[in-house]
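Enquirer: Please find one structure pasted underneath; my questions will follow.
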Amino acid sequence: MAIMGFLVHTLDDAVQDVEAGIQAMPEMTTYGVHQDHFIVTVVEAPSDKIETTVAKITALEGVLTTYTTYLTIEDEIDADGNLQTEFSVTDYMKKKSKSH
């Protein structure tokens, strides 16, 4: 499980709607609003799902961007230092080459 802390930068008039949208996502936790337009957010999800999860937030109406502040995947690393994940570089490269 990866844990990532980040700031969600929103339009000033959209901050409450965006925060409600984030809170509706089961893997998300919010910790308030900073400077009227940054939502302090933490996501806990498998590392191979983090990109998709953050993309859901970025797609919310009123979101300008996200800024990563913290990321850890320590519990997904085995005794030999290898990342244990469902992500396959080979499969990713096959998909990428088909899209070009």
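Enquirer: Hey, for a label at Leu11 modelled as a point 7 Å past Cα toward Cβ, could you say which residues of segment 54-72 have their backbone N under 18 Å away?
Expert: Once the point is set 7 Å along Cα→Cβ of Leu11, 57-66 turn out to lie under 18 Å by backbone N, inside segment 54-72.
Enquirer: Which loop-located GluC sites (Glu not before Pro) does segment 25-63 contain, where loop means any DSSP state but H, G, I, E or B and the Cβ has at most 10 other Cβ atoms within 10 Å?
Expert: Sparse-neighbourhood loop GluC sites (Glu not before Pro): Glu61.
Enquirer: Sticking with this structure for a sec: Return the distance in nm (one decimal) between the two label points of a simple spin-label model at Tyr67 and Ala24, each offset 7 Å from Cα along Cα→Cβ.
Expert: 2.7 nm
Every read-out reported here was derived from the displayed coordinates using simple, explicitly stated rules and does not represent laboratory data. Fair warning: this is a prediction, and the values are worked out from it, not measured in the lab. Neighbour counts run over all protein chains shown; Cβ positions are idealised from the backbone, glycine included.
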